[in-house]
1. Could you list all residues from the stretch A:156-175 that are closer than 28 Å to B:LEU122 by Cα and out of contact with any Leu (no Cβ under 6 Å at 6 or more places or on another chain)?
2. When you look at A:VAL199, is it more than 16 Å from A:SER43 (Cα to Cα) and either β-branched (Val, Ile, Thr) or free of Cβ contacts under 8 Å to residues at least 24 places away in the same chain (or both), yes or no?
3. Hey, does the stretch B:52-66 have a residue that's aromatic (Phe, Trp, Tyr), touching an Asp or Glu at 6+ places or on another chain (Cβ under 9 Å) and without any contact (Cβ under 8 Å) to a residue 40 or more places away in the chain?
4. Of the residues in the stretch A:15-33, how many are touching a Lys or Arg at 6+ places or on another chain (Cβ under 7 Å) and assigned to a helix (DSSP H, G or I)?
5. Any idea which of B:VAL40, B:VAL90, B:VAL49, B:VAL120 is more than 30 Å from A:ASN227 (Cβ to Cβ) and open to solvent by less than 90 Å² (accessible area, probe 1.4 Å)?
6. Given the conditions (1) facing another protein chain (nearest Cβ under 10 Å); (2) modelled with pLDDT of 95 or more, which single one is not true for A:ILE90?
Amino acid sequence: MNIFDRMMSLDRRWVFLILALVCVITYVWPFSIPIRTTHEVESIYNYVDTLKENDIIFLGIDYDPNALAELHPMAYAIAEHAFRKKLRIIFVTLSQNGPGMADQAIRDLTDSLRQDKVYNGVEYKGRDLVNGVDYVFLGYKPYPGLVILGMGQNFRIPFPTDYYGTPLDSLPLMKGVLNYDQVKCVIDLAAGNVADMWVVYGAGRYNVPLALGMTGVMGADYYPYLNSGQVFGLMGGLLGAAQYEKLSDNSGPAIDGMRIQLYAHIIIILFILMGNIGFLMSRREKRV
Amino acid sequence: MEAMSMGTFIWTTLGAFLTLCIFSFLYQDNPFYKLAEHLVVGVSAGYFVIILWHNGLQPNLFDRLNDGNWYLLWLDSSKPWYMIPAILGVMMWTRFSRKWSWISRWPIALYMGIATGVAVPLEMKNRVNVQLYSTMKDIEWGSFLGNGLLDGGSGLAELIIFLGTVSALFYFFFSKEHTGVFKGVARFGIWILMIGFGASFGYTVMGRISLFVQRIQYLGDWTKVAWDDVSSGAFIVFWFIVITIFGILAFYEIIRFVNKRGTQA
């Protein structure tokens, strides 16, 4: 067995081991890498940044724990940015294990907002987030397409009460807020076909401005909606989250993760090259 | 991660242990992986049942029916028409009987009819018409100089999208033999498809590594908190248990390997 055959028959567990070692070493070794922002993420940041105090945005937490790694950083970055700008947020989840994700994000953001922080040179004083005043969490309902259509008529049709059981009419934030007409935009963070439903039944039916944040696996499939103007912004995977964190000057797990990504990708590219060289050379030898 | 209580520490430690159990599959299938896998499936299913009850059935059906006298069941409910979806739902359960399963076709037919009626016009408009229009919209060459070469609105981007869409569709058009000019168009189409698949593959790799990165961050944060805030003793005990378990697994593997070699000899 020559070197090329060995390259071809390398036990996959060596690949896993080397990749794990590289990831752990780059995690332990602190350094930063430059993050270049793209137009599609800048659109979302600029849209949120230019909204006025007390404007309402609608944030869909449509993912389960298996997509937490990519979408949680997006939710934290967007919500923190919005709350620091004193915007109000209506959270909803159309994913069955999403309530836990949204609840955790709201609790963590409440803690974070209590601290004074400086973002992009602007000092933001800490404050307490109040449920029903600064945000509302509608909770979860099954059948996302029907829920999106129902909310387009009145939020109270699918959600007579919020996640904590309080009637929507008794929440100060929901006074005069009937449907999508009263929210400035919907930002949906999705790990499945809920994103399609927002495009078709939300933006398509009710013309609400829509931006999407999605897992890396889904990322490439949604660019046609950006090109057609059906969504005004797009964030794909951890890179999208890192770009939003950079734009909002709020470095978090996404930017921290990108340096590990960099070296993991280099290792994967090297292994792909190695496999291809092994394949081509062994084929050439067989021909000779 | 901030300072945590011992209770939280125990739960997060369980999370760390289960993470390692799942990763152990990368070496090979083993009882610890199976334990974690079954736990995930079981907990997810149980959690979903409770979520569905509290967010679906209870508020949407039972609470709306349950506003009368209990001894009249739901006959004096102020919203008796909610019995209709309840009956339709029960009809679905006849799937479990060979004799009565035909009854379940009625609620399925009703559901499919409503879903199709709602979906078809909107799907047609948003996924076909709007996409067709955006593929063939006027190319504004005037903005070519102001933008990046491949940015939307540069003209060149629109041209590539148009040609790429047409040639990729042509690749799947088999009524005309792919020879001559058509061969070139189909070849361009397959290149466009490959670029698309490559972009998806790249994003997928990034997604998978992101999951691993998040777990490393979780384990790293857990390590720091466990050592600094809770108890270095508990931290050492945890790793002692983990190393012992995986040590036993490794020992078992070595014994199996030696026995296999002995049998072959």
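The values are calculated or read from the model by the stated rules, or taken from the named source; none is laboratory data. These figures come from a predicted structure and were not determined experimentally. No Cβ is skipped: glycine too gets one built from the backbone with ideal geometry, and neighbour counts run over all protein chains shown. For the accessible areas, the whole protein counts, side chains as well, though only heavy atoms, and no ligand, DNA or RNA atoms are used. Shrake-Rupley method; radii C 1.70, N 1.55, O 1.52, S 1.80 Å.
1. Within the stretch A:156-175, A:ILE157, A:PRO158, A:PRO160 qualify.
2. Values: more than 16 Å from A:SER43 (Cα to Cα): yes; either β-branched (Val, Ile, Thr) or free of Cβ contacts under 8 Å to residues at least 24 places away in the same chain (or both): yes.
Considered against the rule, which asks whether it is more than 16 Å from A:SER43 (Cα to Cα) and either β-branched (Val, Ile, Thr) or free of Cβ contacts under 8 Å to residues at least 24 places away in the same chain (or both), A:VAL199 comes out as yes.
3. Filtering the stretch B:52-66 for residues aromatic (Phe, Trp, Tyr) gives B:53, B:62.
Narrowing the set further to residues that are touching an Asp or Glu at 6+ places or on another chain (Cβ under 9 Å) leaves none.
Within the stretch B:52-66 (the criterion being aromatic (Phe, Trp, Tyr), touching an Asp or Glu at 6+ places or on another chain (Cβ under 9 Å) and without any contact (Cβ under 8 Å) to a residue 40 or more places away in the chain), the answer is no, since none of the residues qualifies.
4. Keep residues of the stretch A:15-33 that are touching a Lys or Arg at 6+ places or on another chain (Cβ under 7 Å), which gives A:26, A:31-33.
From what's left, assigned to a helix (DSSP H, G or I): A:26.
Residues meeting the conditions: 1.
5. Working: B:VAL90 fails: open to solvent by less than 90 Å² (accessible area, probe 1.4 Å); B:VAL49 fails: open to solvent by less than 90 Å² (accessible area, probe 1.4 Å); B:VAL120 fails: more than 30 Å from A:ASN227 (Cβ to Cβ).
After applying the criteria, what remains is B:VAL40.
6. With (1) facing another protein chain (nearest Cβ under 10 Å); (2) modelled with pLDDT of 95 or more applied to A:ILE90, the lone miss is (1).
So that you can scan it fast, the table gives a plain yes or no per residue for (1) over 15 Å from the mean Cα position of the chain (by Cα); (2) within 22 Å of A:TRP198 (Cα to Cα):
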| position | (1), (2) |
| --- | --- |
| A:PHE4 | yes, no |
| A:ARG12 | yes, no |
| A:GLU42 | no, yes |
| A:ILE56 | yes, yes |
| A:ASP103 | yes, yes |
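Here is a yes/no grid of residues against (1) more than 11 Å from every other protein chain (Cβ to nearest Cβ); (2) within 23 Å of A:GLY150 (Cβ to Cβ); (3) at pLDDT below 85:
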| position | (1), (2), (3) |
| --- | --- |
| B:LEU20 | yes, no, no |
| B:VAL43 | no, no, no |
| B:THR94 | yes, no, no |
| B:ILE108 | yes, yes, no |
